[in-house]
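Each remark here refers to the structure printed beneath this line.
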Amino acid sequence: MLIDTYGRVATDLRVSLTDRCNLRCTYCMPEEGLQWLAKPDLLTDDEIVRLIRIAVTQLGITEVRFTGGEPLLRPGLVGIVERCAALEPRPKMSLTTNGIGLKRTAQALKAAGLDRVNVSLDTLRPDVFKTLTRRDRHHDVLDGMAAAREAGLTPVKVNSVLMPGLNADESPDLLAWAVENDYELRFIEQMPLDAQHGWKRDGMITAGDILASLRTRFTLTEEGQEERGSAPAERWIVDGGPHTVGVIASVTRPFCAACDRTRLTADGQVRTCLFATEETDLRAALRSDGEDGSDETIARIWKQAMWGKKAGSGLDDPSFLQPARPMSAIGG
Ligand code: SF4
């Protein structure tokens, strides 16, 4: 199993399938986009499925989350999901997406074995969406969510990032809309992972701000720690239930003590943490012959990497350094 020196065991694998994206969210990347990873460096579909097979059959991974960039841009996505669904034991599988194109692929992903989706949507206002993402695709995201719900990729979870002066006032409206549409809403504190390195701690909307704003319209009852387990989101029961709302407060209320995540980048690097400044290469071993390229060798390299996982994000540490790799190439 993938254990670290703090006794945490990683059972949840986040796989970034591409660093490319079809949106340009202001808190993630510049308008012109980024220097994308070179094709020869990207893992092939076979290599991705092989690493997931090793993780599931040899390293105790029980959950796989496909992320990006935007994973729906990966041509072989449905095939990758299908092959992973055939693994024994079968991992639970989910997808983090911006929803663009989900209307077209939801049924095929469900049929391939995907269990559920997380869709990013920060606003109910198309004009604000256009300002935030620099694309006029708000309706496509809403259509994508509805198609995911109809296809049974449920619960459809919604990830929202609030930005001062843009959509910070929208949290109660977003929650009312999510309750009405039976979506599970989670607010995510903005994190220092943007490609522009423009993040400022005093410029972000905190969990405390969000809860105070929600409480102007809803009665929130905190769910117990037991229900939470190792999940990133703290959850509150809305108006006595059954709906809940979540807050992922990586900055102001870190949850690293119970972290069960390990990450794989689209170019074959293991990241022990979202904020890791070091990575461990698996691609060279994948493309080696003989013992150097065996499943056992790859599993051993992965285990060694996770053994060295740091206690937490280090965000509160004055010496904190933002990782060189941007969020768009790490994935949620
Ligand atoms: S910051 Fe790192 S250690 Fe903490 S919960 Fe996130 S991935 Fe885990």
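The values are calculated or read from the model by the stated rules, or taken from the named source; none is laboratory data. The structure displayed is predicted, hence computed values, not measured ones. Because the Cβ atoms are built from the backbone with ideal geometry, glycine has one as well, and the counts that use them run over all protein chains shown. Only protein heavy atoms, including side chains, enter the accessible area calculation; ligands, DNA and RNA are left aside. Shrake-Rupley method; radii C 1.70, N 1.55, O 1.52, S 1.80 Å.
Listed here are the residues, each with its yes/no results for (1) open to solvent by less than 20 Å² (accessible area, probe 1.4 Å); (2) in contact (Cβ under 8 Å) with a residue 12 or more places away in the chain; (3) away from the ligand (no atom under 14 Å from the Cβ); (4) closer than 22 Å to Leu174 by Cα.
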| site | (1), (2), (3), (4) |
| --- | --- |
| Ala212 | no, no, yes, yes |
| Glu226 | no, no, yes, no |
| Ala233 | yes, yes, no, yes |
| His243 | no, yes, yes, yes |
| Arg271 | yes, yes, no, no |
Tell me whether segment 250-262 contains one or more residues that are of a type in the set (Val, Ile, Thr), more than 9 Å from the ligand (Cβ to nearest atom) and touching a Ser or Thr at 6+ places or on another chain (Cβ under 6 Å). yes
Ser319 meets each of (1) surrounded by fewer than 21 Cβ atoms within 10 Å (Cβ to Cβ); (2) within 25 Å of Asp45 (Cβ to Cβ); (3) of a type in the set (Ser, Thr, Tyr) with one exception, condition (2)
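Tell me the residue from Gly208, Gly224 that is at pLDDT below 95 and either within 27 Å of Gly241 (Cα to Cα) or not acidic (Asp, Glu) (or both), please. Steps first, please.
Numbers: Gly208 fails: at pLDDT below 95.
Being at pLDDT below 95 and either within 27 Å of Gly241 (Cα to Cα) or not acidic (Asp, Glu) (or both) holds for just one of Gly208, Gly224, which is Gly224.
Answer yes or no as to whether Gly76 is surrounded by fewer than 17 Cβ atoms within 10 Å (Cβ to Cβ) and within 27 Å of Glu189 (Cβ to Cβ). Please lay out each step first, then the result.
Values: surrounded by fewer than 17 Cβ atoms within 10 Å (Cβ to Cβ): yes; within 27 Å of Glu189 (Cβ to Cβ): no.
Against the criterion (surrounded by fewer than 17 Cβ atoms within 10 Å (Cβ to Cβ) and within 27 Å of Glu189 (Cβ to Cβ)), Gly76 does not qualify.
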Go through (1) closer than 30 Å to Ser319 by Cα; (2) out of contact with any helix residue (DSSP H, G or I) (no Cβ under 8 Å at 6 or more places or on another chain) for Asp289 and report which single condition fails. (1)
When segment 109-167 is examined, which residues are found to be open to solvent by less than 30 Å² (accessible area, probe 1.4 Å) and of a type in the set (Val, Ile, Thr)? Val117, Val119, Thr123, Val128, Thr133, Val141, Val156, Val158, Val161
Residues of segment 173-193 being open to solvent by 10 Å² or more (accessible area, probe 1.4 Å) and of a type outside the set (S, T, N, Q), in sequence order, are Asp173, Ala176, Trp177, Val179, Glu180, Asp182, Tyr183, Glu184, Arg186, Ile188, Met191
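Taking segment 275-286, which residues are within 16 Å of the ligand (Cβ to nearest atom) and surrounded by fewer than 21 Cβ atoms within 10 Å (Cβ to Cβ)? Show your work before the answer.
From segment 275-286, those within 16 Å of the ligand (Cβ to nearest atom) are 275-280; that's our starting set.
Result: Thr277, Glu278, Glu279, Thr280.
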Tally, over segment 287-314, of residues that are away from the ligand (no atom under 13 Å from the Cβ) and crowded, with 20+ Cβ neighbours inside 10 Å: 3
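Does at least one position in segment 49-57 carry a residue that is assigned to a loop (DSSP other than H, G, I, E, B) and either in contact with a strand residue (DSSP E or B) (Cβ under 7 Å, 6 or more places away or on another chain) or modelled with pLDDT of 95 or more (or both)?
No - not one qualifying residue is present in segment 49-57.
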When only residues in segment 15-48 that are over 24 Å from Leu102 (Cα atoms) and part of a helix (DSSP H, G or I) count, which is least open to solvent (accessible area, probe 1.4 Å)? Glu47
Can you name every residue in segment 117-173 that is aliphatic (A, V, I, L, M), outside any strand (DSSP E or B) and over 27 Å from Asp202 (Cα atoms)? Val141, Leu142, Met145, Ala146, Ala147, Ala148, Ala151, Leu153, Val156
